[in-house]
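The values are calculated or read from the model by the stated rules, or taken from the named source; none is laboratory data. The structure presented is a predicted model; accordingly, all values stated were derived computationally and were not measured. FYI the Cβ positions are ideal-geometry reconstructions off the backbone, even for glycines, and counts take in every protein chain you see. These accessible areas exclude ligands, DNA and RNA; they are computed on the full protein's heavy atoms, side chains included. Shrake-Rupley method; radii C 1.70, N 1.55, O 1.52, S 1.80 Å.
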Amino acid sequence: MAPHLNIVPSMFVLLLLFISASKVQSDAFDVVAKFGAKADGKTDLSKPFLDAWKEACASVTPSTVVIPKGTYLLSKVNLEGPCKAPIEINVQGTVQAPADPSAFKDPNWVRFYSVENFKMFGGGIFDGQGSIAYEKNTCENREFRSKLPVNIRFDFVTNALIQDITSKDSKLFHINVFACKNITLERLKIEAPDESPNTDGIHMGKSEGVNIIASDIKTGDDCISIGDGTKNMVIKEITCGPGHGISIGSLGKFQNEEPVEGIKISNCTITNTSNGARIKTWPGEHGGAVSEIHFEDITMNNVSSPILIDQQYCPWNKCKKNEESKVKLSNISFKNIRGTSALPEAIKFICSGSSPCQNVELADIDIKHNGAEPATSQCLNVKPITSGKLNPIPCSGPVPKTPSATA
């Protein structure tokens, strides 16, 4: 089964965009020198940052907002477009959120909205100071969790390049990409403790032409999670772990979810995670579709579930376990995946009984169990297409009546 991906050449488009913009002298808007910000870790950066953004956004020539080296307190900021010319933010310093979660009344800290031709770079850090939030964020405390902020949100952003930025200790997701087109996130560093709940590294939905490249993600949830409506996406050269792996989903939880299609994940290393290459959908609930998903050239190091299709995804046992998933999966491949599994069940394909997985391909797989038992492969409601060397032997192990829950 040959992959057929209509990938938008967004890296080329962005390169041309920023080369052409660089030929014009960029106006610099320094939040300290021009707008009175103080790098003392105590004075709120919100007004100087927003004032600098508004002035830069109104410029008819390319402009750059500069946050110099130093430590800044930022209560929150909403940076809106459209802007009149390409705009950049050069973040050199460390920007810290209030540590107390009660300072936030909605799930926003740094938000970019309706911006086109945008670049953020500089080696700076967005520190969510999430340790207090981690202690209180439990599955029973939903109201508390609903107000926890994402470190950086990109909503309705088009033609953007995000490079050399660190997101640290976010109270919830680190980076959320929603309704964006042609956005590349490159050489990012994302870090949070492995026990930090709901701290997905990069989550996206309803976006097209997203590229995530050469980034290091260590967190307490999915390193990358791909929600409904995501199309034509490239993920490559990612190091992931600790965390929950690279996941399509979860899907099927809500009505009218849009299809996920054309996703290629390649040349990644996943280490000490609960999952590796994963697709997850809820049992019962609502319909949806996932197609043209391709995991290739991936190294697994001590991963509990290296290759996983889980159509009985049921965290905290809160789902309709007696019903089948209504999400249709098709044209999915796992190729040249090697390494070690922390548990014997190296490959698990738990597909829907009412809508079995179609055209699932396994090629050149070599995963060994770190323990004394050999690695096994479980298949339910799927007949994979196989080629090349395969260890473990596909569908060689029995599927338990109640498959174990995954995080």
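Looking at the stretch 194-217, which of its residues are under 19 Å from GLU258 (Cβ atoms), open to solvent by 10 Å² or more (accessible area, probe 1.4 Å) and more than 12 Å from the chain's Cα centre (by Cα)?
Within the stretch 194-217, LYS206, GLU208 qualify.
Considering the stretch 128-152 alone, what residues qualify as being over 24 Å from CYS314 (Cα atoms) and surrounded by fewer than 21 Cβ atoms within 10 Å (Cβ to Cβ)?
Across the stretch 128-152, the qualifying residues are GLN129, SER131, ILE132.
From the list ASN159, ASN137, pick out the single residue that is at pLDDT below 95, among the polar types (S, T, N, Q) and touching a Lys or Arg at 6+ places or on another chain (Cβ under 9 Å).
After applying the criteria, what remains is ASN137.
Based on what the data block shows, is VAL360 in contact with a Cys (Cβ under 9 Å, 6 or more places away or on another chain), open to solvent by less than 20 Å² (accessible area, probe 1.4 Å) and either touching a residue at least 40 places away in the same chain (Cβ under 8 Å) or not in a strand (DSSP E or B) (or both)?
yes
Read through the list (1) at pLDDT 95 or above; (2) out of contact with any Ser or Thr (no Cβ under 7 Å at 6 or more places or on another chain); (3) on the phi > 0 side of the Ramachandran plot; (4) not hydrophobic (A, V, I, L, M, F, W, C), then give the number of the only condition that LYS335 fails.
(3)
Among the residues of the stretch 127-141, which ones are of a type outside the set (Val, Ile, Thr) and either assigned to a loop (DSSP other than H, G, I, E, B) or more than 17 Å from ALA103 (Cα to Cα) (or both)? Give the steps one after another, and end with the answer.
Here is the first cut: in the stretch 127-141, the ones of a type outside the set (Val, Ile, Thr) are 127-131, 133-137, 139-141.
Scanning the stretch 127-141 gives GLY128, GLN129, GLY130, ASN137, CYS139, GLU140, ASN141.
Going through THR340, THR376, THR406 one at a time, which residue ends up being surrounded by 17 or more Cβ atoms within 10 Å (Cβ to Cβ) and at pLDDT below 95? Give the derivation first.
Working: THR340 fails: at pLDDT below 95; THR376 fails: at pLDDT below 95.
Step by step, each of THR340, THR376, THR406 is checked, and only THR406 is surrounded by 17 or more Cβ atoms within 10 Å (Cβ to Cβ) and at pLDDT below 95.
Mind checking which residues of the stretch 232-251 are of a type outside the set (Gly, Ala, Ser), touching a Lys or Arg at 6+ places or on another chain (Cβ under 7 Å) and not in a strand (DSSP E or B)?
Across the stretch 232-251, the qualifying residue is only PRO242.
The rows are residues; the columns are (1) aliphatic (A, V, I, L, M); (2) touching a residue at least 60 places away in the same chain (Cβ under 8 Å); (3) in a loop (DSSP other than H, G, I, E, B).
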{"position": "ILE367", "(1), (2), (3)": "yes, yes, no"}
{"position": "CYS379", "(1), (2), (3)": "no, no, no"}
{"position": "SER387", "(1), (2), (3)": "no, no, no"}
{"position": "LEU390", "(1), (2), (3)": "yes, no, no"}
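Kindly indicate the residue of the stretch 76-119 that is closer than 15 Å to THR64 by Cα and among the basic types (Lys, Arg) and also least open to solvent (accessible area, probe 1.4 Å) among those meeting that condition.
LYS119
It is to be established whether one or more residues within the stretch 265-272 are modelled with pLDDT of 95 or more, crowded, with 24+ Cβ neighbours inside 10 Å, touching a Leu at 6+ places or on another chain (Cβ under 8 Å) and closer than 21 Å to SER333 by Cβ.
Checking the stretch 265-272: not a single residue is modelled with pLDDT of 95 or more, crowded, with 24+ Cβ neighbours inside 10 Å, touching a Leu at 6+ places or on another chain (Cβ under 8 Å) and closer than 21 Å to SER333 by Cβ.
Do we have ARG187 as open to solvent by 20 Å² or more (accessible area, probe 1.4 Å), among the charged types (D, E, K, R) and under 26 Å from GLU257 (Cβ atoms) here?
Taking the combined requirement at face value, the residue does not satisfy it.
For the stretch 93-126, give me each residue that is in contact (Cβ under 8 Å) with a residue 60 or more places away in the chain and in a helix (DSSP H, G or I).
Matches in the stretch 93-126: PRO101 only.
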